[in-house]
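For reference, the structure I am asking about is given below.
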Amino acid sequence: MQNFLAHNNKGAIPLASHAFLDAKTHAEAEKALANSVEPRRFSSTARYGEQGIKVTKYQLANIQIYGLRLDGPLTITSDTLQSVNIICPVEGKLISNSNCHDKTIGCGKARIDSPGGRVDVGWDSKSTCLVTRIPKDTLNDYCNKLYDIDTDKGIQFSPTLDLTENGGTSVQNILNTILLEADNKHSLLNQGALINHFEELFITALLNAQPNSLSEILFDRHRQVKPFYIKKAVDYIHENTNRLIMLSELVEATGVSLRTLQSGFAKYYNTGPSTFIKQMRLSKAREELIATSNSETTVAEVAAKWGFYNPCGFSQNYKKTFGESPSETLRR
């Protein structure tokens, strides 16, 4: 099995079966790439250096993966980025011109430029690399969907990723599998069956492998991240606790099936949505019983206000939940 990122594959370009551009000059390459990706500028660092640039491209759902073969030594710069760019040298060395700890990066490591930053790197002659581009909006959407995290302020990654240690090996293995699947015209990936799966897998691996501005949240062992539909359901219940909530309403509010909701509540709250609603109403009734200063307020009135019309059943459920009867709470 060929592994482009673990070994130096001299002369080979990743995604060889997905030719995108074979430019003879830097100007030709700049023009072609400006129409498909954020603009790049190529400048020779040798007076009479070759200018040929060969590019391959593979598109997942929203992520683009590029293979680059550079004939001559050059620098590559960009404007302010609206994406995450992960540059993995395959042959030759990348020299970072920006302010970062690792100035020179070779095979086995990757350079990461975050949204709001700029690409500013140099390459030796006859260099090859793999560039993965994740649009900022795509990354934000996945963070919200997978981790229920608001990323309006953007995500910043540490600029150097080691592909040979810890979680970096997972990022490398996922990328290599995508390359192998992409170059097999009969693969499930090329049939469209695994595109979203691999995209989500890659983003999840990157977020967990590479230190970033969300790492503290992602690695908080005491935080149980809930799916977006569970958060929507709980918010809806909070907003409508004072009336009878039908399960069909939760299905409509969250956009997922009743079975999905039931599985989610069982996993994260160890109960079903109906029981969760009842417990929420019991809690609201308890809050009112504790807070009331009106000596004429009765348990039956509070129970009815929160949807409990059987006083005996309300008292039994209340005592089972809170360890005392509602009348004891009211007196206290």
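Here, each number is a calculation from the coordinates, and none is a lab measurement. As the structure is a prediction and not an experimental result, all values here were calculated from the model. Note that we place each Cβ from the backbone using ideal geometry, even for glycine, and neighbour counts take in every protein chain shown.
Distance between the C-alpha centers of segment 141-171 and segment 204-278? Whole Å please.
Answer, in whole Å: 22.
Oh, and also: Between the DSSP loop rule and a limit of at most 16 other Cβ atoms within 10 Å, which chymotrypsin sites (Phe, Trp or Tyr not before Pro) in segment 155-246 are left? Can you show the working numbers first?
Numbers: sites: PHE157, PHE198, PHE202, PHE219, PHE228, TYR229, TYR236; in loops: PHE219.
Of the chymotrypsin sites (Phe, Trp or Tyr not before Pro), the ones in loops of segment 155-246 whose Cβ has at most 16 other Cβ atoms within 10 Å are PHE219.
Now for a different question. Within segment 23-60, list the residues whose amide N lies under 15 Å from a label point set 7 Å along Cα→Cβ of ARG118.
39-43
May I have the extent of the alpha carbons of segment 55-182 along their three principal axes, as whole Å values ordered from largest to smallest?
Each principal axis gives a Cα extent; for segment 55-182 these are 44, 34, 28 Å.
Cut-off under 16 Å on the C-alpha distance; same-chain residues fewer than 8 positions from LYS57 excluded. Which aspartates and glutamates are left, in chain and number order?
ASP22, GLU30, GLU38, GLU181, ASP183, GLU199
Between LYS145, LYS153, LYS226, where does the largest GNM mean-square fluctuation fall for the chain, given springs only between Cα atoms within less than 10 Å?
In this elastic network of the chain, the residue with the biggest mean-square fluctuation among LYS145, LYS153, LYS226 is LYS153.
I've got another one for you. What's the Kirkwood radius of segment 163-295 in Å, using all Cα pairs? Let's see the in-between values first.
Working: mean 1/r = 0.0537 Å⁻¹.
Answer for segment 163-295: a Kirkwood hydrodynamic radius of 18.6 Å.
Run lengths n ≥ 4 of DSSP H only: what is the helix-derived mean residue ellipticity at 222 nm for the chain, with -39500 (n - 2.57) per run over all residues, to the nearest 500? Don't skip to the answer; put the middle values down first.
Working: 12 runs with 131 residues, N = 332.
Mean residue ellipticity at 222 nm (helix-derived): -12000 deg cm²/dmol.
For LYS31, put the label point 7 Å out on the Cα→Cβ axis and report which residues of segment 68-90 keep their amide N under 11 Å from it.
Backbone N within reach: none found.
Could you check how many percent of all C-alpha pairs in segment 228-331 are farther apart than 19 Å? Before the final figure, lay out the partial values.
Values: 2436 of 5356 pairs.
The calculated P(r) of segment 228-331 puts 45 percent of pairs beyond 19 Å.
Something else: Each label point is 7 Å from the Cα along the Cα-to-Cβ direction; what then is the distance between the points at THR204 and ASN144, in nm?
With each label placed 7 Å out from Cα toward Cβ, I get 2.0 nm.
For segment 228-331, with only Lys/Arg (+1) and Asp/Glu (-1) charged at the beta-carbon, what is the dipole magnitude about the Cα centre, in debye rounded to 20? Intermediate results must be reported in sequence, preceding the final value.
Numbers: 13 positive and 10 negative charges, 76 e Å.
Result for segment 228-331 is approximately 360 debye, rounded to the nearest 20.
Among ILE149, ILE95, ILE217, whose mean-square fluctuation peaks in a Gaussian network model of the chain (Cα, cutoff 10 Å)?
Between ILE149, ILE95, ILE217, it is ILE217 that shows the largest mean-square fluctuation.
Which length gain, in nm to one decimal place, applies between HIS238 and THR104 when the Cα-Cα distance is subtracted from 0.36 nm times their residue separation?
42.9 nm
On to the next question. Grab the beta carbon distance between ASP79 and HIS186, set R0 = 35 Å, and tell me the FRET efficiency rounded to 0.05. Don't skip to the answer; put the middle values down first.
On the way: r = 40 Å, r/R0 = 1.13.
Working from the Cβ atoms, E equals 0.35.
Follow-up. How big is the equivalent ellipsoid of segment 14-59 along its three axes, where each semi-axis is √(5λ) from the Cα gyration tensor, reported in whole Å from largest to smallest? Can you show the working numbers first?
Numbers: eigenvalues 80, 35, 12 Å².
Semi-axes, largest first: 20, 13, 8 Å.
Let me ask another. Which value, in Å³ per residue, describes the convex hull spanned by the Cα atoms of the chain?
Values: hull volume 57.1 nm³, N = 332.
Cα convex hull per residue, to the nearest whole number: 172 Å³.
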